[in-house]
Amino acid sequence: MRQDGPLQRRIHRPLRWIGFDRNPMRRRCDRIQAIVWAGLVMVFLTGAPLASIYLSHKIYIADLRAGRAQAMAWHRVPARVLHAKPLVTALEPTGHLPEVLMLRWVKPDGSSQTGEVTRAIDAVAGSIVTVWIDKRGRLAQPPLSRAEVADRAMCAAIATPIVLALLLAAVGGLVSFILERRHLARWGAEWEVVGPQWTGRR
């Protein structure tokens, strides 16, 4: 009996996995499905790192520019606490209960403005806190910091391969579903011809 060497076994193993072997039970649609899945795996292995690097870099640059623009357009102002009430639905890692603060501050045009913010600080009525406001004097979130920008880019780098894998899996599943449906339809048509000859029914 002829035995394959190590190199031949290495070559035959992936070919057999794809469907290019001498197995008479192997269907044509099986080979097509195997080729499709092998192609999708190659797309993922080559595309996932590139897409992850590209998107995370784009997001990092865009958020970094947005943070700089926010820092230039917004500014910090002192605000007086009118009253504070604890928000008992959450607990900060520091152990402080967040408080809802009713504040009053002065807008750039000189008029006063009031609003609410949630802070994990101990504040009493009459104390002064610092808030960020936009050009119109409305409350704004603090500009994006470099740490936040880096965190967003890292999340994008992690999420991109996952999303790509799910997308490619959906494509592979759709192709397999279509091929199976076509195979079953062809098998049904052939059985209508051959079946009566085997069963003796017309």
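The values are calculated or read from the model by the stated rules, or taken from the named source; none is laboratory data. Predicted model, so just to flag it, every value in this text is computed and none were measured. Every residue, glycine as well, gets a Cβ built from its backbone with ideal geometry; the counts of neighbours run over all protein chains shown.
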Check your understanding: Residues in the range 118-133: is at least one assigned to a loop (DSSP other than H, G, I, E, B), in contact with a Gly (Cβ under 6 Å, 6 or more places away or on another chain) and not β-branched (Val, Ile, Thr)?
Key -> no
**Study point:** Selection count, the range 109-141, where residues are within 30 Å of ALA62 (Cα to Cα), loosely packed, with under 14 Cβ neighbours inside 10 Å and of a type outside the set (D, E, K, R)
**Key:** 3
Review point. Just a yes or no: is a residue in the range 82-95 among the hydrophobic types (A, V, I, L, M, F, W, C), farther than 30 Å from ILE61 by Cβ and at pLDDT 80 or above?
Key: yes
Exercise for review: Tell me which of these LEU166 doesn't satisfy, since it passes every other one: (1) surrounded by 12 or more Cβ atoms within 10 Å (Cβ to Cβ); (2) under 30 Å from ALA34 (Cα atoms).
Suggested key: (1)
Practice item. Just give me the residues in the range 50-67 being exposed (fewer than 14 other Cβ atoms within 10 Å of the Cβ) and touching a residue at least 40 places away in the same chain (Cβ under 8 Å), in sequence order. Key: ILE53, HIS57, ALA66
